[in-house]
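Structure first, commentary second.
Readers should treat all values here as calculations from the given coordinates under stated rules, not as data from a laboratory. Computed from a prediction, not measured in an experiment: that's the story for all the values here. Positions of Cβ are generated from backbone atoms using ideal geometry, with glycine treated the same way; all protein chains shown enter the neighbour counts.
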Amino acid sequence: MNLLKKNIALRGDAGKKWLETLPDAIKKYEHQWGITCLSPFPLSYNYVTPAKTKDEKHVVLKVSFPDNQEFPLELKALNFYDGIGSIRVLQEDVENGAMLLEKAEPGMRVRDISPDEKQISLASEVMRKIHKPVPENIASLN
């Protein structure tokens, strides 16, 4: 979380306030969505952590910085694909930039897969799955 704190601190007072309120937000979602959060992923801008539901299902909590303009579009896209070549959104709090997601299994990043040809093959497979016409209402945030 050090890189996250460092990057968010660059946001000035808004960043400091968000970091101060983040523990309460995490507790709120643990209670509201019935999850237990584990150690966060070492990311640089959003707070993203694996979690478990009460029935031991593996999920991921993502809490975005308040002015993250990509959040609404990301949420629209994930809901549009609804598990086809992507993960599913299980819960969302649009106003506060949070979502509870399925956990990708095995959860490897494409860049960590060797050889490069395997990366290309896997990425191509996902692109074939998600290729479908995009409705006009998802192409913008309006």
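The figures follow:
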item	result
GluC sites (Glu not before Pro) restricted to DSSP loop in segment 5-86 with at most 14 other C-beta within 10 Å	56, 70
In Hz, Karplus ³J(HN,Hα) per residue of segment 47-55 (6.51, -1.76, 1.60; θ = phi - 60°; x = Gly, Pro)	8, 10, 9, x, 8, 10, 7, 4, 9
Backbone N under 18 Å from the residue 74 label point (7 Å along Cα→Cβ), restricted to segment 98-133	98-105, 107-111
Förster radius 35 Å - calculated FRET efficiency between residue 116 and residue 30, Cβ distance, rounded to 0.05	0.30
Sum of -39500 (n - 2.57) over DSSP H runs of 4+, divided by residues of the chain (222 nm, nearest 500)	-12500 deg cm²/dmol
Over 22 Å between alpha carbons, listed pairs 62/129; 27/54; 16/54; 62/103; 6/62	62/129; 16/54
Helix 116-130 vs. the chain, principal-axis angle (Cα, 0 to 90°, nearest 10)	90 degrees
Stretchable slack from residue 38 to residue 53, in nm (0.36 nm times residue separation minus alpha-carbon distance)	4.3 nm
Loop chymotrypsin sites (Phe, Trp or Tyr not before Pro), segment 44-137, which have at most 16 other Cβ atoms in a 10 Å radius of their Cβ (DSSP)	45
Neighbour-count order for 31, 58, fewest beta carbons within 10 angstrom listed first	31, 58
Crossing angle, helix 13-33 versus the chain [Cα axis fit, 0-90 degrees, rounded to tens]	70 degrees
